[in-house]
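This report concerns only the one structure given below.
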Amino acid sequence: MKFKNNKINLLQSFKSKKFKYGGYATVMTLIVIAALIIVNLVADLIPVRIDLTSNKMYSLSEQTEEALGNLEEDITINFIGEPGTADVMIEEIVQRYARLSNRINTDYMDPVRDPLTAQKYTKDGGQLNYGSLLIESGEVFRIISQYDMYNFTQNQSTGQTQVESLAVEQRLTSAILYVSGAEMPVAYMLEGHGEATLNYNTTKQMELENFDLQSLNLMGLDEVPEDADLLIINGPQRDLSQEELTVLEDYFSNNGKAIFMIDLLVQELPNFQALFQTYGIQLSNSLVVEGEQGKYIGGNPLYLLPDLSDHDIVSPIKSNKIPLIIDIAQAIEVSDSTRNTLTIDSLLTTSDKAFARSATSSETSLEKQADDISGPFSLAVAIEDRVYNLSANETYTARMVVIGNSSFLNTGLEGASNLFMNSLNWVFEREESISIRPKALGVQPLTITATQQKVYGALSMIIIPVACLIAGLVVWLRRRNL
């Protein structure tokens, strides 16, 4: 009899309000869990990725998308190492390339497990280290070292090197263009005037962006070689000869392109000056001293932190707040009256508190003297000369960038490398490459106003706790009445 009563009580409990409420809650919980599982499974199948990082770390530029859209041959991007060991950040960027073009394939290659295949890529001195990328199309390939996928900076006080930015897209798009047979501009380094050599990092950067760097001595030549796409004149210590000046004048009158980095010297360079005056500028042969605090670094007013213009060459440096120092620079004077074919844009400028002192001055004080010239000054300019040639029925465009210093490339700062490479791409009229710049890896601090602090504080310490308390009381009262 007791068993029968227990059975009846059990059956009646199934009909109680508490059981029904608990049953509904359980069913709803199961439905929500099932819905979440289904949503995750479906979302994983949808080939859509949204880049929510502040600096669009994983997003590809329009220039990369255009380059991928123009591919005519299949290209394979190999991760060097065992499957599944690639850096997550780099792998995500590479997979975005593959999703944008069916010409891009990805694979893994382990040089330890397959040394015979690896030998094909290392026989000429190449190295297939774990973490690198191998990009190939047919018999043409390029290896991107894992270190080349990052830009590093050196702390001037401690000497320590640290990662500053991610350059995967910059390197990978250049490699894809290289293996697909894109044009490699020939850049000639002028020699014979005591020019400085470009440091390893700069020449490596040029190689990665598909510039073919060669040397050129104009002595005895009647013209610049026909295959020259642009010239680089880096810190000459002696002047051009009259014959060399004539060769360069002819070169610029026929679509010439060049970047000049001219250091401050005690002696004049009259033939270089004559060339520049043809294009509306003149080297001041005077040392720039910055007089405004915050516009120089390390307490030294000769190490300038210049203002950057909105020109294509420097706007990416400006918008990304990439550090750039110009040390021991000379001012560049821009003529007030130039022919209408010329366009001259200042790239780097000082504050109006800067002053310039003649290179022949014996004054050692860094305070402004009566003979010093007041600023502001241009430290770098971009010049374009568009001339219509009636006989050829064609417009000839000469381009040059002139920077009043060459040692800025040795500061080790990313801004210096960007200034140089952007200048090369601009004079070569390859502006699309300027837009593919490294992505900064630094964490930007969150800045909020005093009003926002009060709102967020009230929300987190008062509104949300009170809302949770009210919700808890409502649930407790409802369950108590069941």
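Read-outs: derived from the displayed coordinates by stated rules, not from any lab. Computed from a predicted structure; not experimentally measured. All Cβ positions, glycine included, derive from the backbone under ideal geometry; neighbour counts span all protein chains shown.
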Notebook entry, point to check: Hey, what do the phi angles of segment 84-91 turn into as Karplus ³J(HN,Hα) couplings, whole Hz, using 6.51/-1.76/1.60 and θ = phi - 60°, x for Gly and Pro?
Noted result: x, 9, 5, 4, 4, 5, 5, 4
Note to self: Sort 227-233, 71-77 by packing, meaning the average of other beta carbons within 10 Å per residue, with the highest value first.
What the structure shows: 227-233, 71-77
Margin query: Order 312-320, 419-427, 403-411, 264-272 from most to least packed using the mean count of other Cβ atoms within 10 Å.
Written below: 419-427, 403-411, 312-320, 264-272
Next item on the list: Could you work out the relative contact order of segment 291-385, using alpha carbon pairs under 8 angstrom and six or more residues apart, expressed as a whole percent?
Entry: 32 percent
Item checked: Percent of Cα-Cα distances greater than 21 Å, calculated over segment 218-293 -> 30 percent
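Taking 8 Å as the Cα distance limit and 6 or more residues as the minimum spacing, I'd like the relative contact order of segment 191-440 as a percentage.
22 percent
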Notebook entry, point to check: Straight-line reach from LYS120: which aspartates and glutamates have a Cα under 18 Å away, not including same-chain ones fewer than 8 places off?
Noted result: ASP107, ASP110, GLU136, GLU139
Notebook entry, point to check: How far apart, in nm, are two points set 7 Å out from the Cα along the Cα-to-Cβ line at LYS353 and at GLU223?
Noted result: 5.3 nm
Next item on the list: Take the alpha-carbon centre of segment 99-143, take the same for segment 278-299, and report the distance between them in whole Å.
Entry: 47 Å
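Looking at this model, which pairs from LYS123/LYS204; LYS295/LYS353; LYS295/LYS318 are more than 18 angstrom apart at the alpha-carbon? Display every interim value, and only then the final one.
Working: LYS123/LYS204 20 Å; LYS295/LYS353 10 Å; LYS295/LYS318 15 Å.
From the list (LYS123/LYS204; LYS295/LYS353; LYS295/LYS318), the Cα-Cα distance tops 18 Å for LYS123/LYS204.
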Next item on the list: Sort largest first and round to whole Å: the equivalent ellipsoid semi-axes of segment 191-440, each the square root of five times a Cα gyration tensor eigenvalue.
Entry: 28, 22, 18
Notebook entry, point to check: Whole-Hz Karplus ³J(HN,Hα) for segment 176-192, in order, using 6.51 cos²θ - 1.76 cosθ + 1.60 and θ = phi - 60°, x for Gly and Pro?
Noted result: 5, 4, 5, 6, 8, x, 5, 4, 10, x, 8, 10, 9, 8, 5, 10, x
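Quick check: residue separation of ASP212 and LEU265 times 0.36 nm, minus the Cα distance between them. What number comes out in nm? Please list the in-between numbers first.
Numbers: separation 53, 0.36 × 53 = 19.08 nm, distance 2.99 nm.
Taking 0.36 nm per residue and subtracting the Cα distance, the gain is 16.1 nm.
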Next item on the list: Provide the FRET efficiency to the nearest 0.05 for the ALA34-VAL140 pair, computing r from the beta carbons and using R0 = 45 Å.
Entry: 0.30
Item checked: Per DSSP, loop trypsin sites (Lys or Arg not before Pro) in segment 65-129 with at most 13 further Cβ within 10 Å -> ARG113, LYS123
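Express as a percent, rounded to the nearest 5, the fraction of DSSP beta bridges in segment 54-182 (both residues included) that run antiparallel. Write out the running numbers ahead of the final one.
Working: 14 of 20 bridges.
About 70 percent, rounded to the nearest 5.
By average Cβ neighbour count within 10 Å, what is the ranking of 274-287, 240-253 from highest down?
Packing proxy ranking, top to bottom: 274-287, 240-253.
As an exercise, use a Förster radius of 25 Å and the Cβ-Cβ distance of TYR456 and SER315 to find the FRET efficiency, rounded to the nearest 0.05.
On the way: r = 34 Å, r/R0 = 1.37.
Between TYR456 and SER315 the formula returns 0.15.
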